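Visitor: This is the structure, below, for whatever I ask next.
The values are calculated or read from the model by the stated rules, or taken from the named source; none is laboratory data. The shown structure was predicted, so the numbers you read here are calculated from the model rather than taken from an experiment. Here the Cβ positions follow ideal geometry from the backbone for every residue, glycine too, while neighbour counts run over all protein chains shown.
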Amino acid sequence: MRSGRGGVELQERSAAATPPGRPGAGTDSGAATSAGRGARITTLLVPEVIFGVGALREAGPVARRMGGRRPLLVSDPGVMAAGWVERALPSLADAGLCCHVWHDLTPNPKDVEVGAAFEAYTAAGCDVLLAIGGGSCIDAAKGIAILSGNGGRILDYAGIDRVPGPIPPMVMIPTTGGSGADVTRFCVITDTARRIKCTIAGGALVPNASVIDPTLHATMPSDLTAHTGLDALSHAIESHVSKAANFLSRTHALGAIRGVMAHLSAALDDPADLAAREGMARAALQAGLAFSSALLGATHAISHQIGGRLDLPHGLLNAILLPHVMRFNAEADPAPYTAVADALGVCTRALDAAEAAEAAIESVADLARQAGIPTRLGAVGVRPEDIPVFAHTALLDAYITTNPRPVTEQDVERICRAAY
């Protein structure tokens, strides 16, 4: 069991710094916070990262090194069908691990699924969590780990730093190039009773290790490649302009934006292009590190509500909403989007901040269109009468607090109607 952090912690502190006043957001909130004029606290928790083609064979040795003997391997039917779990099992067996596989998971992991998986974990006497899959599998594994160390129901821990007890080691093996969940301190679970997504955050949720093998991304269908690629882009852009942005998050965010622009189209054109898959894996990793430090914004706060109610792909909703949230934020302050525009490949030399921001918005919208993603919420089943509900619950989402511009319910409605 462990508590606190899964890897390296880097903190930059000012003598004048004090914890922020928002309830539940202590120094372990993941945000860089200002506590006075010029004061800044920056926190970055980093798992051990094993990256490269062929890294899957390291799964067993890594889990063994983390102290595990009986791992629960969390996956889903699509990943099972692609053969990646079967490919990982020899590495686990060679390391002397007795593995139990659980794969009864659907997209947007549900509270009841996490509860069922925890029962499987307990019944098999497991002592370490592995996940092979996308963000849903990784978030489910984090949920199981929380329950293993703390009991109760997974939704009891929604919020920031509400996981009091130690949790078992976690090794994550992402099969998509977008979620970043394998390196972050966040876990998003669907509340099936209220039909909303709940965010659980805290340093304890940073995995012990992330094993990133771009080969595993080659079996993603084109729509999933597009959705997860645009998800990575939304992580990078939102973390770059976040109120909690810092020198670490901005560096990773801009690198991720450049990576998505360089490699997403190639990955869509040729799924077997390992150079493109590796480039997208790097971008997803950098975007994950960026938002784990700086958090996100209104795009994610709104998409969580729509996704929880309609069970729609998270990256799809982010791709639709992102240009409209960018425009809303740029109305108040376009300056942070100049660097974003540069990273997107826009020549900003002759543009003022407002023009650069608008060019960045158009570049993001163009990329989504080229990737075949619908541009309107109405096209994916959102009904106008549901928008006020989304507007209300979005303000309860943790990520709304770091959006660079204050957001009201009326603002969320305006954003959603613009995207409709």
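Visitor: Tell me, which helices (runs of 4 or more DSSP H) wholly within region 59-147 include 1 or more residues that are without any contact (Cβ under 8 Å) to a residue 60 or more places away in the chain and under 21 Å from the mean Cα position of the chain (by Cα)? Give the derivation first.
Guide: Working: elements: 59-65, 77-82, 84-94, 111-123.
Output list reads 77-82, 111-123.
Visitor: Looking at (1) under 22 Å from residue 319 (Cβ atoms); (2) outside the structural domain of residue 363 (by TED's automatic domain parsing); (3) in a loop (DSSP other than H, G, I, E, B), can you tell me which one residue 164 breaks?
Guide: (1)
Visitor: Further question on the same structure: Here are some residues: 301, 332, 341, 294. Which one is of a type in the set (Gly, Ala, Ser) and without any contact (Cβ under 8 Å) to a residue 60 or more places away in the chain? Step through it out loud before you land on a result.
Guide: Details: 301 fails: without any contact (Cβ under 8 Å) to a residue 60 or more places away in the chain; 332 fails: without any contact (Cβ under 8 Å) to a residue 60 or more places away in the chain; 294 fails: without any contact (Cβ under 8 Å) to a residue 60 or more places away in the chain.
341 is the lone residue from the list that is of a type in the set (Gly, Ala, Ser) and without any contact (Cβ under 8 Å) to a residue 60 or more places away in the chain.
Visitor: Taking only pairs six or more apart or across chains, which ones have beta-carbon atoms under 6 Å, a first residue in region 274-290 that is free of Cβ contacts under 8 Å to residues at least 40 places away in the same chain, and a second residue that is buried (at least 24 other Cβ atoms within 10 Å of the Cβ) and among the hydrophobic types (A, V, I, L, M, F, W, C)?
Guide: Sorted first by the residue in region 274-290, then by its partner, the pairs are 276/267.
Visitor: Taking the condition out of contact with any helix residue (DSSP H, G or I) (no Cβ under 9 Å at 6 or more places or on another chain) and either among the aromatic types (Phe, Trp, Tyr) or at negative phi (or both), does residue 140 pass? Explain how you work it out, then say what you get.
Guide: On the way: out of contact with any helix residue (DSSP H, G or I) (no Cβ under 9 Å at 6 or more places or on another chain): no; either among the aromatic types (Phe, Trp, Tyr) or at negative phi (or both): yes.
Spelling it out, it is not the case that residue 140 is out of contact with any helix residue (DSSP H, G or I) (no Cβ under 9 Å at 6 or more places or on another chain) and either among the aromatic types (Phe, Trp, Tyr) or at negative phi (or both).
Visitor: Just give me the residues in region 84-109 being buried (at least 18 other Cβ atoms within 10 Å of the Cβ) and on the phi > 0 side of the Ramachandran plot, in sequence order.
Guide: 108
Visitor: Sticking with this structure for a sec: Could you tell me which residue of region 284-296 is nearest to the chain's Cα centre (by Cα), considering only residues that are farther than 17 Å from residue 172 by Cβ and assigned to a helix (DSSP H, G or I)? Working first, answer last.
Guide: Residues of region 284-296 farther than 17 Å from residue 172 by Cβ: 290, 293-296.
Going one step further and asking which of them are assigned to a helix (DSSP H, G or I), we end up with 290, 293-294.
On the way: 290: 10, 293: 12, 294: 12 Å.
So, considering only residues that are farther than 17 Å from residue 172 by Cβ and assigned to a helix (DSSP H, G or I), the one nearest to the chain's Cα centre (by Cα) is 290.
Visitor: Condition test on residue 306, is it over 19 Å from residue 363 (Cβ atoms) and touching a Leu at 6+ places or on another chain (Cβ under 9 Å)? I'd like the intermediate steps shown before the answer.
Guide: Numbers: over 19 Å from residue 363 (Cβ atoms): yes; touching a Leu at 6+ places or on another chain (Cβ under 9 Å): yes.
Yes: the conditions hold for residue 306.
Visitor: Considering only region 190-215, state which residues are of a type in the set (Val, Ile, Thr), closer than 20 Å to residue 73 by Cα and touching a Lys or Arg at 6+ places or on another chain (Cβ under 7 Å).
Guide: To start, the set of residues in region 190-215 that are of a type in the set (Val, Ile, Thr) comprises 190, 192, 196, 199-200, 206, 211-212, 215.
Those left that are additionally closer than 20 Å to residue 73 by Cα: 206, 211-212, 215.
Matches in region 190-215: 206 only.
Visitor: Scan region 264-282 for residues that are touching a His at 6+ places or on another chain (Cβ under 7 Å) and crowded, with 24+ Cβ neighbours inside 10 Å and jot them down. Explain how you work it out, then say what you get.
Guide: Keep residues of region 264-282 that are touching a His at 6+ places or on another chain (Cβ under 7 Å), which gives 276-277, 279-281.
Within region 264-282, 276, 277, 280, 281 meet the criteria.
Visitor: Looking at 166, 207, 214, which one is touching a strand residue (DSSP E or B) at 6+ places or on another chain (Cβ under 9 Å), at pLDDT below 95 and more than 27 Å from residue 306 (Cα to Cα)?
Guide: On the way: 207 fails: at pLDDT below 95; 214 fails: at pLDDT below 95.
That would be 166, the only listed residue that is touching a strand residue (DSSP E or B) at 6+ places or on another chain (Cβ under 9 Å), at pLDDT below 95 and more than 27 Å from residue 306 (Cα to Cα).
Visitor: Checking residue 237 against (1) of a type outside the set (Lys, Arg); (2) part of a helix (DSSP H, G or I); (3) under 13 Å from residue 281 (Cα atoms), which test does it fail?
Guide: Tallying (1) of a type outside the set (Lys, Arg); (2) part of a helix (DSSP H, G or I); (3) under 13 Å from residue 281 (Cα atoms), residue 237 fails exactly one: (3).
Visitor: Considering (1) in contact with a His (Cβ under 7 Å, 6 or more places away or on another chain); (2) over 19 Å from residue 168 (Cα atoms); (3) among the small types (Gly, Ala, Ser), say which one residue 124 fails and leave the rest.
Guide: (2)
Visitor: Of (1) buried (at least 23 other Cβ atoms within 10 Å of the Cβ); (2) assigned to a loop (DSSP other than H, G, I, E, B); (3) over 16 Å from the mean Cα position of the chain (by Cα), residue 217 satisfies all except one. Which?
Guide: (2)
Visitor: Return the residues of region 59-83 that are under 18 Å from residue 214 (Cα atoms) and crowded, with 21+ Cβ neighbours inside 10 Å; say none if nothing qualifies. Full working, then the answer.
Guide: Within region 59-83, the subset under 18 Å from residue 214 (Cα atoms) is 59-60, 62, 75, 78-83.
Once the filter is applied, which keeps residues that are under 18 Å from residue 214 (Cα atoms) and crowded, with 21+ Cβ neighbours inside 10 Å, region 59-83 yields 59, 60, 62, 75, 79.
Visitor: Can you spot a residue in region 194-214 that is in the same structural domain as residue 372 (by TED's automatic domain parsing) and part of a loop (DSSP other than H, G, I, E, B)?
Guide: No: zero hits.
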